[in-house]
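Enquirer: First, the structure itself, so that you have it in front of you.
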Amino acid sequence: MNQTLISKKNLSGIFYIVSASFGFSLMAVCVKWVSRDLPSMEIVFFRSALSTLMFIPIMMHQKISFRGHDRPMLLLRGLSGFIALSLHFLTIAKLPLGVAVVLNYTAPIFAVILAIFFLNEKPDLFLWGMVLISFSGIFLLTGARLQRMDWYIFLGLLSGLFAAVAYIAIRSVADHDSPLTIIFYFTAISTVGSGCLAWKTFVWPSPAHWIGIFALSVGAFFGQLWMTLAYRNAPAALISPFSYLTPTFVFIAGAVIWKDPFTTLNIFGALLIILAGCFISLREILWESPS
């Protein structure tokens, strides 16, 4: 009986993480679509503001603290997440969709490096090997764009770096702050920051744009909510690999909708980055798990 219950709970975790991947994929596709006519910082503002408004009633209903306990680290998580999101949306607008999303998914690789300096961790040869494989994948994925010093490639990598900073901050507050509080800091800071920067180039959205903005905000909101539920219902080691369905989905969407051109080497490079990130996540989860 217990084994059946555990199995059902694990399956629900997998269902939630796959659903979260669809949500984040929907967000990326809609960002690509509306960014044809709207500035990327304006899209960040609408995405963040609508997500904040969606989370507030949930937190009030569950009586979850808005302030949290470790406010300096929560602020760091919010600020680094805002920068990562802004760079991510900018690169989605300027690069092929699959490339932009995969570059953002280099965050686990950068997290390994940052953990050396901020958490005094010492990666073993396996982790260093995964880092090297990932950077090899970046070279194959970006190809000619990297060789001609396309700055959007570097901004995409920078989005991954700041996402890694956010992950490090989340790890330090996860034991004493609610996941919803952590998300709230991110969306609230992103709303204020993007609102201050977006007004200079603000373009009033058309009815079609509003549909896209609403869809990407819903995708982001449920993506975050479902991801939280997934990690509550199943072991992280089981569901973590499924989070890498997002770059897979958007690669397909980019090829089908926008006819993004990709060579075999580009696709192989993307797979190397995804697999390296997946193995790094699994390694850290299993390493921290009690034996």
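Enquirer: For PHE139, PHE249, what ranking results if the residue with the fewest other Cβ atoms within 10 Å of its Cβ goes first? Don't jump to the answer; show the numbers that get you there.
Expert: Values: PHE139 13, PHE249 20.
Neighbour counts put them in this order, fewest first: PHE139, PHE249.
Enquirer: Please identify, among LEU238, LEU97, LEU216, the residue showing maximal mean-square fluctuation in a Gaussian network model of the chain using a 10 angstrom Cα cutoff.
Expert: LEU238
Enquirer: Moving on to the next point. Once you place label points 7 Å from the Cα toward the Cβ at ILE267 and ILE211, how far apart are they in nm?
Expert: Using points 7 Å along Cα→Cβ, the separation is 3.1 nm.
Enquirer: Modelling each spin label as a point 7 Å along the Cα-to-Cβ direction, I'd like the ILE56/GLU121 distance in nm, to one decimal.
Expert: Result: 3.6 nm between the two label points.
Enquirer: Name the residue, out of SER281, SER80, SER21, whose mean-square fluctuation peaks in a Gaussian network model built on the chain with Cα pairs under 10 Å.
Expert: Result for the chain, Cα springs under 10 Å: SER281 fluctuates most.
Enquirer: Indicate the helices, whole DSSP H runs only, in the chain that combine a mean Kyte-Doolittle hydropathy of 0.5 or more with a Cα extent along their long axis of 24 angstrom or more.
Expert: Correct list, ordered by number: 2-34, 40-61, 71-94, 125-142, 151-173, 179-198, 207-233, 264-288.
Enquirer: Still on this structure, I have one more. Using the 10 angstrom Cβ neighbour count as an exposure proxy, how do LYS122, LYS8 rank, fewest first?
Expert: By the 10 Å Cβ count, ascending, the order reads LYS122, LYS8.
Enquirer: Which value, in debye to the nearest 20, gives the size of the charge dipole of the chain about its Cα centre, when Lys and Arg are +1 and Asp and Glu are -1 at the Cβ?
Expert: That gives the chain a dipole magnitude of about 340 debye.
Enquirer: Lys and Arg at +1, Asp and Glu at -1: add these up for the other residues within a Cβ distance under 13 Å of LEU97 and post the number.
Expert: With Lys, Arg at +1 and Asp, Glu at -1, the neighbours total +3.
Enquirer: In what order do CYS278, CYS30, CYS196 fall by count of nearby beta-carbon atoms within 10 Å, going from fewest to most?
Expert: Starting with the residue having the fewest Cβ neighbours, the order is CYS196, CYS278, CYS30.
Enquirer: Using a Gaussian network for the chain with springs between C-alpha atoms less than 10 Å apart, which of these wobbles most: PHE117, PHE222, PHE214?
Expert: Of PHE117, PHE222, PHE214, the Gaussian network model singles out PHE117 as fluctuating most.
Enquirer: Take the alpha carbon atoms of the stretch 54-103, find their center, do the same for the stretch 226-240, and report the distance between the two centers in whole angstrom.
Expert: The stretch 54-103 and the stretch 226-240 have Cα centres spaced 19 Å from each other.
Enquirer: Kindly identify the stretch 17-288 as rounded, prolate or oblate by the Cα gyration tensor criterion: order the square roots of the eigenvalues as a ≥ b ≥ c, call it rounded if a/c is under 1.5, otherwise compare a/b with b/c, prolate if a/b is larger, else oblate.
Expert: Note, shape of the stretch 17-288 comes out oblate.
Enquirer: Would you work out the relative contact order for the chain, in percent, from Cα pairs under 8 angstrom that are 6 or more residues apart?
Expert: Averaging sequence separation for qualifying contacts and normalising by length gives 43 percent for the chain.
Throughout, read-outs are computed from the coordinates displayed, never taken from laboratory work. All of these numbers come straight from a predicted model, not from anything done at the bench. As a convention, Cβ positions derive from the backbone with ideal geometry for all residues, glycine included, and neighbour counts pool all protein chains shown.
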